[in-house]
Every structure is written in C-alpha cells, then in structure tokens.
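Engineer: Shown below is the structure under consideration.
The values are calculated or read from the model by the stated rules, or taken from the named source; none is laboratory data. These figures come from a predicted structure and were not determined experimentally. Please note: Cβ atoms are built from the backbone with ideal geometry, for glycine as well, and neighbour counts cover all protein chains shown.
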C-alpha cells in the first residue's frame, strides 16, 4: 500500500571517505538516489518527484500545488508547441501506471522519447531550459549547478521533451 507518510532511507555499502557507496531516500511520490565515490558525489540520479493530485481540491490544504512550478513550466512548453511538434513530443497517449523502470535491481536508461531541443525555436528552447532549471532547483545548490552544467555541456539541442498522457489541463499526464 502507498502511504503518504511512509518514507525509507537505505544505505548501500558502508559510508567510507575512500570507497564507493550510496544512499536512497524514497517514499510516496519521491525517490532520490545518490552514489558517492568516497566523500565525493559521483551521481545524483535517478530521481523522481510526483504529485497526485496536481492541486489539492478540498480540505485544510485546498489549493496546495506540491510541484506547481514544475507543472506550470511543463504545461507552458507543451502549449507552446505547434501541431507537428506536439505529435512528436507526446509519445504516449496515456500515462504510465507506475514508474517507467519499475522496481528493478538494474535498469538501462530509457530510449530518448519526445521532441529534441534541436527542433524547437528559440522561445521554446528557453521554455525547455526553464523547465530544466525548475527541476534542478529541487536539489541543494551544488548538485543543482552540477546538473545544469551537465545539461549545458550536452546542449539544449540534445535534450528531449516528452509527454505521456492527456494534453488538456486537469487530466492525468507526466513530463
């Protein structure tokens, strides 16, 4: 059962200033994974942030938008796409039932899906970069800057924006 108040911290290996080890913090709609090479961060991925519903409709937290900035940035980019671009970006008409990789011991990165930044105009590329900045901003400043530097190094043209699910606001989707 999913429990919005149940979270776990798992350590892989033994924390050591000279050896590789890792840790994961995970729970309802959140998964953060970190691998360290001694006392240096080697990877801060994969990560998952989720919100369901996108906006709390009633109760003491009515109006709360847990991932409001992410939601708004994703919709802004999707809505800026022309018809042909949108057909390329929306790679699945329905949302996934769960995380794409599931709960496997070892996974391969998924194939690129959606529309490449190279096929976006300057305004759309700026919206894609804004989306990247918003997600990176969920991490501590050093890790956020490292993620942004990696994205800049790859180039916005190589980044893909993909959408799974309905394309009308207020419906189920993932970006």
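Engineer: Identify all residues within the stretch 138-163 that are in a loop (DSSP other than H, G, I, E, B), surrounded by fewer than 15 Cβ atoms within 10 Å (Cβ to Cβ) and touching a residue at least 12 places away in the same chain (Cβ under 8 Å); write none if there are none.
Structural biologist: Of everything in the stretch 138-163, just one residue is in a loop (DSSP other than H, G, I, E, B), surrounded by fewer than 15 Cβ atoms within 10 Å (Cβ to Cβ) and touching a residue at least 12 places away in the same chain (Cβ under 8 Å), namely 155.
Engineer: Taking the condition of being surrounded by fewer than 12 Cβ atoms within 10 Å (Cβ to Cβ) and closer than 19 Å to residue 143 by Cα, how many residues in the stretch 18-42 meet it?
Structural biologist: 2
Engineer: Separate question: Would you check if there is a residue in the stretch 69-81 being without any contact (Cβ under 8 Å) to a residue 60 or more places away in the chain and either over 20 Å from residue 163 (Cα atoms) or not assigned by TED's automatic domain parsing to the domain that holds residue 161 (or both)?
Structural biologist: Our first condition is that a residue be without any contact (Cβ under 8 Å) to a residue 60 or more places away in the chain; within the stretch 69-81, this holds for 71-72, 76, 79-81.
From what's left, either over 20 Å from residue 163 (Cα atoms) or not assigned by TED's automatic domain parsing to the domain that holds residue 161 (or both): none.
The answer is no; no qualifying residue exists.
Engineer: Let me ask something else. Identify, by number, the condition in (1) at pLDDT 85 or above; (2) more than 21 Å from residue 47 (Cβ to Cβ) that residue 94 doesn't meet.
Structural biologist: Just one mismatch for residue 94, condition (1).
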